[in-house]
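Structure record follows, encoded as structure tokens.
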Amino acid sequence: MPEPTPNRNARGLIVLAAAIAVVITLVLVTRTGTPPQEAGPAATPEPDPIAAAVADPSRPEDERARDAGRKPDRILAFYGVAPGMHIYEIAAGSGYYTRLLSHVVGPEGHIVAQNSERFWPRLKDRVEPLYAALGNVEPFIGDPADYAGEPESMDAVFVVLIWHHMHYDPDAGEVLPARTVRFLDTARRLLKPGGTLAIVEHEAADGTTRAESAGWHRAPKQMTIEDVTAHGFALVAESDALTNPDDDLRNYWREALPKRDSSQRFVLKFVKPAA
């Protein structure tokens, strides 16, 4: 028995479809210069450097335990910390933020970790091995205003939980101490145009004096804004990541609050104007 022949209409439809495919291919080649490519496997997204730094299993357990109260992922993202940045960190201490900043900026970035001569002897044995292991951290021991880095070499200056020691001096009374004015001048010299001055601090109720708030190891937010903007910086943003409505802002948080890292802290982002 002879094999059945295909239906003429079906054969015509196949030919027509093939012709349309050829036309579409020619149009694509004409417009783009290349024939259409088959879809390959989806590209693996780049890991978020901040999330990777926070999740780093090599971080000490005592530092990881503080993340819930400090929210470093939100803080570093708010300040735009990214690979390749150069950062001057004031009062780096035992290295909580130094380690995170170092991880995020990576091998192309650089951290200058400042500590005072007063506290360096008790920190040295812990942090010198840390700095050596991280590989992109340079220690600076001395007054934060005295770092003689190259002008416009820094993308950010970090002042985390140390401003309460900088905004008041008994000899200066109720004006910003001269040593802190010098520091702000240094920060402005070091920062690139548009660079960030990051200040995180235990917040004191607005209207309290410098002496009173310093006694609580706090600083008023509005006073801080006025002090910093009066010396060449612009406030561009603030974050509510570290607010605590149960904190009345009129106490020494270490004694009054139920746990560490539970005070209300203001998070302010200032920039060095581009012009």
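Histogrammed with a bin width of 5 Å, the alpha carbon distances of region 49-271 distribute as 1, 7, 15, 19, 21, 18, 13, 5, 1, 0 percent, first bin at zero.
Report the charge-dipole magnitude of region 49-271 in Debye, nearest 20, computed about the Cα centre from +1 at each Lys and Arg Cβ and -1 at each Asp and Glu Cβ. Roughly 280 debye for region 49-271.
A Stokes-Einstein calculation at 4 °C with viscosity 1.567 mPa s, built on the Kirkwood radius of region 56-166 over Cα pairs, returns a diffusion coefficient of 90 µm²/s.
Dipole magnitude for region 49-89: about 160 debye, using +1 per Lys or Arg Cβ and -1 per Asp or Glu Cβ, origin at the Cα centre. Pairs of Cα atoms nearer than 8 Å and 6+ residues apart set the relative contact order; for region 49-271 it is 18 percent. Restricting attention to region 49-271, lysine pairs at least eight places apart or on different chains and with alpha-carbon atoms under 19 angstrom apart total 4.
Based on the convex hull around the alpha carbon atoms, region 67-117 presents an average projected area of 3.6 nm². Using the Stokes-Einstein relation with a Kirkwood hydrodynamic radius computed over Cα pairs, the translational diffusion coefficient of region 127-169 at 20 °C and a viscosity of 1.002 mPa s comes to 167 µm²/s. About its Cα centre, region 140-262 has a charge dipole of approximately 180 debye under the convention of +1 per Lys or Arg Cβ and -1 per Asp or Glu Cβ, with nothing else charged.
Each reported figure results from applying straightforward, stated rules to the coordinates on display, with no laboratory input. Quick caveat: nothing in here was measured; it's all calculated off a predicted structure. Using ideal geometry, Cβ is built from the backbone for each residue, glycine included, and neighbour counts are taken over all protein chains shown.
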